[in-house]
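Colleague: I'd like to ask you about the structure that follows.
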Amino acid sequence: MTAYFIQAFIYLSAAVIAVPLAKRLGLGSVLGYLIAGVVIGPIAGLVGSETSTLQHFAEFGVVMMLFLVGLELEPRMLWNMRHKLIGLGGLQVGLSTIVVMGIAFAFGFNWSIALTVGMVFSLSSTAIVLQTFNEKNLTKTEGGKNAFSVLLFQDIAVIPMLALIPLLALPELIEKAQSAAATAAQKHEEISLVAGLPGWAYGIVVLLAIAIVVVGGHYLSRPLFRYVASSKLREIFTAAALMLVIGIAALMSLVGLSPALGTFLAGVVLANSEFRHELESVIEPFKGLLLGLFFITVGAGINFEVLASNAGPVMAMTLGVIFIKAMVLLLLAMIFKIKNSDRWLFALSLAQAGEFGFVLLSYTVQNHVIPVDLAQILSLVVAISMFLTPGLFILFDKVILPRYEQTENTREPDVIDEKGTVIIAGVGRFGQIVNRLLVTNGFKTVVLDHEAQQVENLRKINTKSFYGDATQPDLLHTAGIAEAKMLVIAIDNPDRAVELTEYIKHTYPNVIVLARAFDRSSLYRLRKAGADFMVSETFHSALQLGKHALTKLGVHPFKAEQQRAIFFETEMAHKDTLYESWKMFAEDDKHLVHYRDMFMQLEETLSAAMKDERYRSFSKMERGWTPPPKENHTVFSKSEADEA
């Protein structure tokens, strides 16, 4: 027992240290688990032969992952994505498999091994790619959306691959395994419902098992979960969810089918269930831990002796796989008209092999399709290609993306043929509102923006705007800054906003500068640069939303407005003090504590002001304010709000 505790501590410690560190370095959690395994396995030698045993247990994380993938696949969503799923995803998997298979076949591999290698390398890392997209806010880009479609198809394609692999078993490997299996059978008898059945009976049993999953999942799971949920015991719901997944996996194993196939099917059946989100939240932690354990065991199982003796071929295969997949993806990007930098994002993000490659390789060894020594080399190729993925994203960020941005913005600035009272620098979501308010009140504005697409979008809605960098003195001069009364700075870059403010106040001191600030620090920097009026882009909207939050929680609208006004008044009363403290801190880091104390003092003052005003019937700021009808606002009683 003590040995188990020590091993568990080693595995968990490695994960706790390596995964957060890998995420901080932008490598992703999967690589963190792999590195943890490499450190405690081949490098430190803290774990040993139990790794292979643990890997079989940890593979259940893959079964759970496919159950969750199935839960995400609502039939309507699949139908809406059918073109990209089947076209883009299907062609990517198909072409990559064929190309890799052809190369492997040319090197003399058996066709079944070549096909298996093609399938293994056709898959990409869902975990690394989606996590990187989220961290870099690339999910909503055209490249990100198309990559997600391909990843979704790959996740689905794993199911038929798992079903196909046993059919590719090599007779010589089966023969070798039979002797070992016979020895094992003496110690452990495998339970099976289909052993010894004729072919027709085997088919009926398999169809019956699938029918049980589909029909039972549709008609019996809901009453079961309603019954369990009525107990209001979360641990029982967790037990029921695990019972469902483990039960389906066991049923599939009993009839000789893939447990992953069964749980995936169950997930699709339950995708429209009202318990879907609860099931996801319950299964997710188990899936995460087991998958993490699976990747640690993969890292711990990497044979460095094999890597050292085959370093050249392994690296050549790794770079070859990345190159072939990138070329296939670029071709598909051109066919499906994915343009500009999104084309490269799509190609580079999916060029690596993925975690399902480990699963398929493990499965191929179990089913006597690929010999163990070849599987070890292929596992190294999969792992190293995943290790290189952050480098591909760095290549995209540092080399490819800047070139496209430069190309998009290398056109000559527009010829500005008019002048206005107000010049607006930047017409994104903030500047557009300012411009509309001024124009609808009869003021003439000159609108500048350095995003060509943004300018084109405004022109489509008949808003005259000019392409050009508003921080360039020549452009400002052409726009008539010398005759303008006001400059509104609404550009996205805080540093350039400060530089522009300094330039205007130095060169055209009579021009009034109004600036949008991102946060408190940005606001102070603009004030120091000489801006006449600054506003934090979120301050007023956040106050307004906060007031509505109070109202919806049962506070009377009058009282909510009163508290909002007190908050605003208190902030304004202390803005000069905080600014002076910030200036001291900006000039000398020693004053950081003083600035922090001032900010905390503001919070205490704010809290006291809220309590003081509670006992006043009116204050100056509410005079003239007419509260809306009470029945339109009170939604919850206080007790209901507390429960919510």
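Colleague: Do we have any residue at all in the range 370-380 that's open to solvent by 60 Å² or more (accessible area, probe 1.4 Å) and under 17 Å from Arg343 (Cβ atoms)? So that I can check it myself, show each step before the final result.
Modeller: Filtering the range 370-380 down to residues open to solvent by 60 Å² or more (accessible area, probe 1.4 Å) leaves 372-373, 376.
Imposing the further condition that a residue be under 17 Å from Arg343 (Cβ atoms) reduces the set to none.
No, because not a single residue in the range 370-380 is open to solvent by 60 Å² or more (accessible area, probe 1.4 Å) and under 17 Å from Arg343 (Cβ atoms).
Colleague: A further question on this structure: Please go through the range 521-534 and pick out each residue that is touching a helix residue (DSSP H, G or I) at 6+ places or on another chain (Cβ under 8 Å) and not polar (S, T, N, Q).
Modeller: Tyr524, Arg525, Leu526, Arg527, Lys528, Ala529, Gly530, Ala531, Met534
Colleague: Shifting gears a bit: Within the range 439-477, how many residues are more than 35 Å from the chain's Cα centre (by Cα) and surrounded by fewer than 19 Cβ atoms within 10 Å (Cβ to Cβ)?
Modeller: Going through the range 439-477 one residue at a time, the tally reaches 13.
Colleague: Going residue by residue through the range 308-315, is there one that turns out to be in contact (Cβ under 8 Å) with a residue 24 or more places away in the chain, in a helix (DSSP H, G or I) and open to solvent by 50 Å² or more (accessible area, probe 1.4 Å)?
Modeller: yes
Colleague: Now for a different question. Could you list, in sequence order, the residues of the range 82-104 that are open to solvent by 40 Å² or more (accessible area, probe 1.4 Å) and either at pLDDT below 90 or on the phi > 0 side of the Ramachandran plot (or both)?
Modeller: Arg82, His83, Lys84, Ile86
Colleague: So, in the range 181-207, exactly how many residues are surrounded by 12 or more Cβ atoms within 10 Å (Cβ to Cβ), under 17 Å from Leu265 (Cβ atoms) and either modelled with pLDDT of 80 or more or of a type in the set (S, T, N, Q) (or both)?
Modeller: Adding up the residues that qualify gives 1.
Colleague: Yes or no: Glu561 in a helix (DSSP H, G or I), open to solvent by 40 Å² or more (accessible area, probe 1.4 Å) and over 25 Å from Pro494 (Cβ atoms)?
Modeller: On the way: in a helix (DSSP H, G or I): yes; open to solvent by 40 Å² or more (accessible area, probe 1.4 Å): no; over 25 Å from Pro494 (Cβ atoms): yes.
It is false that Glu561 is in a helix (DSSP H, G or I), open to solvent by 40 Å² or more (accessible area, probe 1.4 Å) and over 25 Å from Pro494 (Cβ atoms).
Colleague: Could we say that Ala260 is modelled with pLDDT under 80, of a type outside the set (S, T, N, Q) and either open to solvent by less than 30 Å² (accessible area, probe 1.4 Å) or not in a helix (DSSP H, G or I) (or both) here? First the steps, then the outcome.
Modeller: Working: modelled with pLDDT under 80: yes; of a type outside the set (S, T, N, Q): yes; either open to solvent by less than 30 Å² (accessible area, probe 1.4 Å) or not in a helix (DSSP H, G or I) (or both): yes.
Yes, satisfied.
Colleague: Restricting to the range 208-241, what's the tally of residues that are within 20 Å of Glu284 (Cβ to Cβ), within 32 Å of the chain's Cα centre (by Cα) and in a helix (DSSP H, G or I)?
Modeller: Residues that pass the stated criteria total 12.
Colleague: Could you go through the range 488-506 and let me know if any residue there is without any contact (Cβ under 8 Å) to a residue 40 or more places away in the chain, open to solvent by 40 Å² or more (accessible area, probe 1.4 Å) and assigned to a strand (DSSP E or B).
Modeller: Within the range 488-506 (the criterion being without any contact (Cβ under 8 Å) to a residue 40 or more places away in the chain, open to solvent by 40 Å² or more (accessible area, probe 1.4 Å) and assigned to a strand (DSSP E or B)), the answer is no, since none of the residues qualifies.
The values are calculated or read from the model by the stated rules, or taken from the named source; none is laboratory data. A quick note: this is a predicted structure, and the numbers were derived from the prediction, not measured. All Cβ positions, glycine included, derive from the backbone under ideal geometry; neighbour counts span all protein chains shown. In case anyone asks, the SASA skips ligands and DNA or RNA and just uses the protein heavy atoms, side chains included. Shrake-Rupley method; radii C 1.70, N 1.55, O 1.52, S 1.80 Å.
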